[in-house]
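For reference, the structure discussed in these notes is given below.
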C-alpha cells in the first residue's frame with residue numbers, strides 16, 4: 001500500500017494532467033510537501049483521500065483502501081442491515097462470517113479494519129477468534145469489538161485483547177458510532 005504519491009501518480013488517479021495537480025498543490029487545496037532542494041512535490045495518502053472526498057471526485061484505485069471494512073462474526077443475521085443504516089455503504093463495507101473458520105477466510109480476503117465478535121456463538125469460540133487475530137501481525141492493529149451477554153460479563157477473561165466491549169442489549173447506533181470513531185481514527189480519514 002503506497003503512502004506517499006508524486007504529482008504524476010496523483011494525476012493518473014484523478015485522470016488529470018500533472019500540471020493540474022501542481023496547481024492544486026501550489027494553491028493549497030491539495031496538501032503535501034516539497035522535497036528539500038527540489039521543486040518535486042509529494043502528497044501523503046490521507047491528504048489525497050481527503051481532497052478527493054471533499055471535492056466529490058471518484059477515489060478510483062484508492063476506494064477500497066479508503067473504505068472502512070468491518071467483519072461481523074457470529075452475529076444475528078439482521079446485524080449487518082441494522083449497522084448498515086448507521087454506517088453508509090459509500091464509506092463502509094460490511095461482511096459477515098458465522099464461524100471461526102469462515103472468519104479466518106473473510107479476514108484474509110477483506111483485510112478488515114474492525115471485527116465485531118458476538119459471544120452468542122460461544123465464549124470459547126469468540127475468544128479463540130479474538131486471540132488468533134491478535135497473534136497474527138497482519139491484524140495486530142485491527143479494532144476488535146466484543147458483544148457480550150450477561151454471563152460473559154460476569155465470568156472473568158482478559159478483555160485487553162478487545163478495543164471495546166458492548167453488553168447486550170445495546171444501542172445499535174452507539175455501536176455504529178463507536179466503530180466509526182475507532183476505524184476513522186485508525187485510518188485517519190476524518
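Laboratory data are not the source of any read-out in this text; all were calculated from the coordinates shown. It should be emphasised that the depicted structure is a prediction, and the values quoted were computed from it without experimental measurement. For neighbour counting, all protein chains shown are included, and Cβ atoms are generated from backbone atoms with ideal geometry for every residue, glycine included.
Listed values, structure above:
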| quantity | calculated |
| --- | --- |
| Matching label, Cα extents along the principal axes in Å computed from the structure shown, candidates (1) 79, 53, 27; (2) 39, 36, 33; (3) 62, 32, 25 | (3) |
| Label-point gap, in nm, between residue 90 and residue 105 - each point 7 angstrom along Cα→Cβ | 3.3 nm |
| For the chain, calculated [θ]222 nm from helices alone, where every DSSP H run of n ≥ 4 adds -39500 (n - 2.57) | -12500 deg cm²/dmol |
| Folded to 0 to 90 degrees: helix 45-54 orientation relative to the chain principal axis, Cα | 90 degrees |
| Protection proxy ranking, peptides 79-88, 5-14, average beta carbon neighbours within 10 Å, highest first | 5-14, 79-88 |
| Contact order normalised by residue count of the chain, Cα under 8 Å, 6+ apart, percent | 17 percent |
| Förster radius 35 Å - calculated FRET efficiency between residue 138 and residue 159 (Cβ-Cβ, nearest 0.05) | 0.95 |
| Sorted peptide list for 114-126, 15-27, criterion being average Cβ within 10 angstrom, highest first | 114-126, 15-27 |
| Counting DSSP beta bridges with both ends in the chain, the antiparallel % (nearest 5) | 20 percent |
| Pairwise label distance in nanometres, residue 81 with residue 9, each label 7 Å out on the Cα-Cβ vector | 4.2 nm |
